[in-house]
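**Q** I'd like to ask you about the structure that follows.
The values are calculated or read from the model by the stated rules, or taken from the named source; none is laboratory data. Values in this document were obtained by computation on a predicted structure and should not be read as measured data. Glycine gets a Cβ as well: all are built from the backbone with ideal geometry, and neighbour counts include every protein chain shown. All accessible areas refer to the heavy atoms of the entire protein, side chains included, with ligands and DNA or RNA removed. Shrake-Rupley method; radii C 1.70, N 1.55, O 1.52, S 1.80 Å.
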There are 2 protein chains.
Amino acid sequence: MAKLSVVGLGPGDYENMTVRADRALKSCDTIIGYHVYVDLVRERYPDKKTLTTPMTREADRCRMALEAARGGENVALVCSGDSGIYGMAALVYELRGEDAEPEIEVIPGLTAACSGAALLGAPLTHDFAVVSLSDRLTPWETIEKRLEAAALADLSLVLYNPASHGRPDHLRRACDILLRHLPGERPCGIAHSIGREGESMQLLTLSQLRDAPVDMFCTVFIGNASTRVLCGRLVTPRGYRDV
Amino acid sequence: MAKLSVVGLGPGDYENMTVRADRALKSCDTIIGYHVYVDLVRERYPDKKTLTTPMTREADRCRMALEAARGGENVALVCSGDSGIYGMAALVYELRGEDAEPEIEVIPGLTAACSGAALLGAPLTHDFAVVSLSDRLTPWETIEKRLEAAALADLSLVLYNPASHGRPDHLRRACDILLRHLPGERPCGIAHSIGREGESMQLLTLSQLRDAPVDMFCTVFIGNASTRVLCGRLVTPRGYRDV
């Protein structure tokens, strides 16, 4: 029977795809995904059937992919970044339920925490937490609790979805929570349009981050107590002892 | 002047390298790294000069790489997994200090949190924390604080270095801390030798994880309150609301 591969594309450029993701897309019959991501890859694999859905229709997209695979098509369900982390892999498993078919393969890709960190220098050298500021599926109180926990435990922090339509103040609210526990001078960074045209990065303090303009193409990094700026890069050491 | 690229190899197999990492290794003059990782790639890039160091000589390794780049060699300093996360990128920046040369390029790779998660299913769909149980450079009290913070904030958790030479009881001690706050039936997973010969995975409860044999080739995953096992895979949903 045909297979459903959930494929992490990475940030978007061909170079940051894994060899495995490239091979999966080359060998599939059908590429399914949010139209922005399918458009990213369409030209690289021009002989494939493609199916797209709007942004919030993730369950439809996954059902479409499962159905196509059951019908005999080798499907690549594409995700920006990683296939698991804020990706579609879990939903595919949930919609397949206790059925062992079709076979599901999860192909990991570079999530924005990794690709954005590399753009900024080395902010995530040591223990860190990843938190999404989107409250579409998670109560804001839970998000607040996670931000506080990360700050109090001196974890470096990566914030996904720092801004979304209709919710422009999430980053400011998140920073206000962090500023209860962390100094305003804490080094931070913003990675913008990672792996896409207009890719850029910016270093700033936590106080500045609070009021920084961000959009849905940004990933935000907040250093831990040891993080510093070296030659224009955000650098977090490996631990607390010198070696 | 020549460039120093810090390259994340991913878990170890060619397929899970990024196209960009592959190209960097193809185009460099010299590959430097811990001998196990250089041996992994040596055959794929047979025309390269190679330099290796033992495991705990990371600063020497980075200095060697900086020196070679200053001397005109395009250097690829290779790391297993990602180049930043528990990798060498920060140390390279620290040893270069306020000198703007040689140019440093950080090439991200699949860290074990991503590649191990894909092997287990989809345990990291939503907010998560990554904590290393190695106390070589970090006090055990700090590690404990981070484990507790993650548990209380209902973050999925990834544990790196669950066992190391002379420290066989770290996982048990970590689980004892987690079991103060989490139920013994919490679904967990172990990914072993990701991307290498003998790759395997195992699902078990937190109580079972406490006494599970682990080695330095294992990455441990602890689910959040919503994580469950579906058809032999560890699956964490996207959030708390149905869509």
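**Q** Hey, among B:LEU25, B:LEU110, B:LEU91, B:LEU9, which residue is at pLDDT 95 or above, touching a helix residue (DSSP H, G or I) at 6+ places or on another chain (Cβ under 8 Å), over 23 Å from A:VAL158 (Cα atoms) and of a type outside the set (S, T, N, Q)? Step through it out loud before you land on a result.
**A** Details: B:LEU110 fails: over 23 Å from A:VAL158 (Cα atoms); B:LEU91 fails: over 23 Å from A:VAL158 (Cα atoms); B:LEU9 fails: over 23 Å from A:VAL158 (Cα atoms).
Of B:LEU25, B:LEU110, B:LEU91, B:LEU9, the one residue that is at pLDDT 95 or above, touching a helix residue (DSSP H, G or I) at 6+ places or on another chain (Cβ under 8 Å), over 23 Å from A:VAL158 (Cα atoms) and of a type outside the set (S, T, N, Q) is B:LEU25.
**Q** With respect to the numbered conditions (1) away from chain B (no Cβ under 11 Å); (2) under 30 Å from B:LEU137 (Cβ atoms); (3) surrounded by 20 or more Cβ atoms within 10 Å (Cβ to Cβ), which one is the sole condition not fulfilled by A:PRO162?
**A** (2)
**Q** Can you tell which of A:HIS192, A:HIS181 is more than 8 Å from chain B (Cβ to nearest Cβ), open to solvent by 10 Å² or more (accessible area, probe 1.4 Å) and either closer than 22 Å to A:PRO213 by Cβ or within 19 Å of the chain's Cα centre (by Cα) (or both)?
**A** Testing whether each residue is more than 8 Å from chain B (Cβ to nearest Cβ), open to solvent by 10 Å² or more (accessible area, probe 1.4 Å) and either closer than 22 Å to A:PRO213 by Cβ or within 19 Å of the chain's Cα centre (by Cα) (or both) leaves just A:HIS192.
**Q** Based on this model, can you work out whether B:GLU141 counts as open to solvent by 20 Å² or more (accessible area, probe 1.4 Å), out of contact with any His (no Cβ under 7 Å at 6 or more places or on another chain) and within 28 Å of A:ASP13 (Cβ to Cβ)?
**A** Spelling it out, it is not the case that B:GLU141 is open to solvent by 20 Å² or more (accessible area, probe 1.4 Å), out of contact with any His (no Cβ under 7 Å at 6 or more places or on another chain) and within 28 Å of A:ASP13 (Cβ to Cβ).
**Q** Could you tell me whether any residue of region A:193-206 is under 15 Å from A:VAL229 (Cα atoms), out of contact with any Phe, Trp or Tyr (no Cβ under 9 Å at 6 or more places or on another chain), of a type outside the set (Ser, Thr, Tyr) and assigned to a helix (DSSP H, G or I)?
**A** yes
**Q** Of everything in region A:195-215, what is of a type in the set (S, T, N, Q) and either closer than 19 Å to A:ALA113 by Cβ or open to solvent by 70 Å² or more (accessible area, probe 1.4 Å) (or both)? Give them in sequence order.
**A** Across region A:195-215, the qualifying residues are A:SER200, A:GLN202, A:GLN208.
**Q** Give region A:9-64 a look and list any residue that's under 19 Å from A:TYR86 (Cβ atoms), within 17 Å of the chain's Cα centre (by Cα), within 14 Å of chain B (Cβ to nearest Cβ) and assigned to a helix (DSSP H, G or I), or say none.
**A** A:ASN16, A:ALA21, A:GLU58
**Q** Return the residues of region B:90-130 that are in a helix (DSSP H, G or I) and β-branched (Val, Ile, Thr); say none if nothing qualifies.
**A** Within region B:90-130, B:VAL92 is the sole residue that qualifies.
**Q** Might you check whether a residue that is in a strand (DSSP E or B) and closer than 27 Å to B:ASN16 by Cβ occurs anywhere in region B:131-142?
**A** Yes, region B:131-142 has at least one match.
**Q** If I ask for residues that are among the polar types (S, T, N, Q) and within 9 Å of chain B (Cβ to nearest Cβ), which ones from region A:66-114 would you list?
**A** Once the filter is applied, which keeps residues that are among the polar types (S, T, N, Q) and within 9 Å of chain B (Cβ to nearest Cβ), region A:66-114 yields A:SER83, A:THR111.
**Q** Oh, and also: For region B:65-76, which residues satisfy the criterion of being closer than 15 Å to B:ALA21 by Cβ and either open to solvent by 30 Å² or more (accessible area, probe 1.4 Å) or under 21 Å from the mean Cα position of the chain (by Cα) (or both)?
**A** From region B:65-76, those closer than 15 Å to B:ALA21 by Cβ are B:74-76; that's our starting set.
The answer is B:ASN74, B:ALA76.
**Q** For region B:55-64, which positions are open to solvent by 80 Å² or more (accessible area, probe 1.4 Å) and within 26 Å of B:ARG196 (Cα to Cα)?
**A** B:MET55, B:ARG57
**Q** Would you be able to say whether some residue in region B:207-225 is β-branched (Val, Ile, Thr) and not in a strand (DSSP E or B)?
**A** In the first step, residues of region B:207-225 are kept if they are β-branched (Val, Ile, Thr); the result is B:214, B:219-220, B:222.
Now drop any that are not not in a strand (DSSP E or B), which leaves B:214.
Yes: region B:207-225 contains one or more residues that are β-branched (Val, Ile, Thr) and not in a strand (DSSP E or B).
**Q** Hey, another quick one. Got at least one residue in region A:121-128 being surrounded by 23 or more Cβ atoms within 10 Å (Cβ to Cβ) and more than 20 Å from B:LEU155 (Cβ to Cβ)?
**A** yes
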